[in-house]
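Below: one structure, written as structure tokens.
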Amino acid sequence: MSKPASTKADPQTGTRRFISGVVEGFYGRPWTMEQRTDLFKREQKWGLNTYLYAPKDDYKHRMYWRDLYSAEEAEQLIALIAAAKAHNVDFIYAISPGLDVTFSNPKEVAALKRKLDQVKGFGCSSFSLLFDDIETEMCSADKEAFSSFAHAQVAITNEVYQHLGEPETFLFCPTDYCASFCTPNVSQSSYLHTVGDQLLPGIDILWTGPKVVSHIISVESIEEVSSVLKRAPVIWDNIHANDYDPQRLFIGPYKDRPTELIPKLRGVLTNPNCEFYPNYVAIHTLATWCKATADGRPMDVEMGDEQQDPRYSPQKALNLALTDWLKEFMSTDQPGGAHHPPAHLKKESSDESSYVPGPGDNPLYTAEPLTLDDLKLLSDLFYLPYEYGHTARTMLQELDWLKKHSLAATTETDKTAEWCSRAAQFDGMCEAVVQMFNRLSNAPNRSILYDLYNYICDIKSGVGLARAYVKTLGGRGPPSAQLMTDDPEPWGFRGGLSGEFQRMLPCHGNRDLFKHPPMTAVYCIRPYCPEDKMEVQRIFREMQRAEEGKAPSMTQTALISDGLSKGEIPPSPLCAFILEDEMGVCGYTLALTDAKAAAAKREISDSVFRDFPSLVTTQVLPRVTDPSPARRMIGQLLSTIRSSGSKGAFCELRQNDRRMIDFYTKLGSFKPVKVAGLPQDILVMGTSL
Ligand code: GDL
């Protein structure tokens, strides 16, 4: 008898364990049974406990969800479920009926039960119903039977859950599975509220974070959604998913999810790259992350990154993963072992078939073995969806610099010494990519290589073109005219029709990750000083113009806080902060601890000041796409106001300023305040301190 899977309740403490592992939930070719079994072994070795079976393009998971499994398929699934058990991995069988199910038809509910009963008969005891990526409009029969789509989904899910005997693990994936899908937002989403209120408490809910592919998942965002869902979500993490772009692969570490999240979540399942073998890093680093707060203590004091997260350093986790992965690359997966050791290591052999060249013969082909640096470079080139690795960024920056500083004349002597030295360094970096490619293609483990092959070939060609271009700029190599027009081979114009379309779009190139790296933006929050007055005014005017531009016919009601932003009223001492990025001041927050005097001319009822004596105003330029710096800035301001003895603070917002209304709403603490006599276009939001 195998031990119970480890997501089940701990028999000693009775508490449910953190769900951790992998969801095979991507579009495209599903993994093979052999790969899945391999996955279970790894999960067990690395301390992960769950596998969610949800391959989007498997016939009987989604498109033909009603069809029962044939005897042959059943045999395979039974073996797979047994393999998961043998490795102490909880196998969760998911089904996606949402493409065409009629929720109100009892025959449909019966079909769903029949299918899941069949899988239960295969030895599976954990289940999941997925309603992601489906049409949200209900058919007329369902519209008659249910008051909303959420009600329909909840009804069928609760019924199936009870039919299966309330399994210990049962997951539900909502249609609005990330914040960006919620209307108008998470805290006001009626869909999520219905799910949270009516889904039976034993059912857990999947959530991908702020977006489908979330760059950052913050603690605040999880607290917000948990309060609506009335339970901690299980993260379905698409950070390493690559099914949306055939040129991208993600071999960077699990990152930008603070470990403080762990106690606030029910679990994390990563939905990684479609290619099985390159997921080594994705899964290994997730396992390291999950270990970070076992028992609430750092597992390995060495792992933490003092600056960022004391319990987990993505860089160190990556190094650990790559070191282990290298061993796997070097172990042959070919029957009989296909690896040829370098000739000088070959023992003299009497075996007729092993050829040893004679003195005048061609020497045998030898390739150097793959190194850890090769894998670090590979990871840097195929890092994460919102971030290139360090070397990749350097290469792009250098190419950019070399282009910009190349003189019109094309001879080498025209170039400065700096240009030449940087061009030589760039060439060296390109050569390292070629060498990495050569050593990878010699690696004994062919399965890993074949999964990587298209990607490394692609990057080798891309880098090769850039290299030739820099040679041309330096007056070496063929003139660029020849590079561009001389009847090139097809690899000279890459990307096919899709590439053609992309290059024709006006935004082509605007999203270069290295020019707008979301992660490398560094913000500084500092106290306001009188010299900032002009900058604050400038930002205020700029944002006011932007709002007027959106609704030009509306004359704007003057706000008390406008006086603060324009510098007509000075903020209270210590109650003003400035947000700066590399380009300069990009936001501010100002307050009056006692706003009553400033509001004297306005007819605001006294009750507002009784509950919220202080006034705050905040502006942030739209170039600050990351909401956290502004949140932190206002957090600092509120704590200063609190220490001044104030009970609460309010802000005035224009109804058409959706951006700032959204900002304050997402802070969570500010709530709309009813104020008698307020002009219609003004909204007041307040927070108690
Ligand atoms: C999605 C899909 C998922 C897909 C991923 C990345 C969820 C819940 N569903 O929206 O199947 O692999 O995006 O493209 O994430």
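The values are calculated or read from the model by the stated rules, or taken from the named source; none is laboratory data. All values derive from a computational prediction rather than experimental measurement. FYI the Cβ positions are ideal-geometry reconstructions off the backbone, even for glycines, and counts take in every protein chain you see.
Can you say whether residue 257 is more than 16 Å from the ligand (Cβ to nearest atom) and either buried (at least 21 other Cβ atoms within 10 Å of the Cβ) or assigned to a loop (DSSP other than H, G, I, E, B) (or both), as far as the supplied structure shows? In short, no.
Here residue 241 meets each of (1) among the aliphatic types (A, V, I, L, M); (2) surrounded by fewer than 24 Cβ atoms within 10 Å (Cβ to Cβ); (3) within 11 Å of the ligand (Cβ to nearest atom) with one exception, condition (2).
Looking only at the range 23-80, residues that are of a type in the set (Asp, Glu) and surrounded by 20 or more Cβ atoms within 10 Å (Cβ to Cβ) come to 2 in all. Within the range 146-161, restricting attention to residues that are among the small types (Gly, Ala, Ser) and in a loop (DSSP other than H, G, I, E, B), the residue that is farthest from the ligand (Cβ to nearest atom) is 147.
Every residue in the range 166-178 that is within 16 Å of the ligand (Cβ to nearest atom) and part of a loop (DSSP other than H, G, I, E, B), please. Listed by number, the residues that qualify are 174, 175, 176, 177. A single member of 619, 636 is in the same structural domain as residue 591 (by TED's automatic domain parsing) and either assigned to a loop (DSSP other than H, G, I, E, B) or crowded, with 22+ Cβ neighbours inside 10 Å (or both), and it is 619.
Could you check, for the range 117-129, whether at least one of its residues is closer than 28 Å to residue 182 by Cα and within 16 Å of the ligand (Cβ to nearest atom)? Checked against the condition, which is being closer than 28 Å to residue 182 by Cα and within 16 Å of the ligand (Cβ to nearest atom), the range 117-129 yields at least one hit.
Taken over the range 175-194, the residue count meeting the criterion of being closer than 24 Å to residue 22 by Cα and hydrophobic (A, V, I, L, M, F, W, C) is 3.
Looking only at residues in the range 179-231 that are within 16 Å of the ligand (Cβ to nearest atom) and surrounded by fewer than 18 Cβ atoms within 10 Å (Cβ to Cβ), the one that is nearest to residue 665 (Cα to Cα) is 180.
Scanning the range 118-141 for residues that are among the acidic types (Asp, Glu) and surrounded by 18 or more Cβ atoms within 10 Å (Cβ to Cβ) returns a single hit, 132. Total residues in the range 434-455 satisfying the condition of being buried (at least 20 other Cβ atoms within 10 Å of the Cβ) and within 26 Å of the chain's Cα centre (by Cα): the figure is 3.
A single member of 51, 27 is closer than 28 Å to residue 259 by Cβ, within 16 Å of the ligand (Cβ to nearest atom) and in contact (Cβ under 8 Å) with a residue 12 or more places away in the chain, and it is 51. With respect to (1) among the charged types (D, E, K, R); (2) within 29 Å of residue 671 (Cα to Cα); (3) in a helix (DSSP H, G or I), the lone exception for residue 143 is condition (2).
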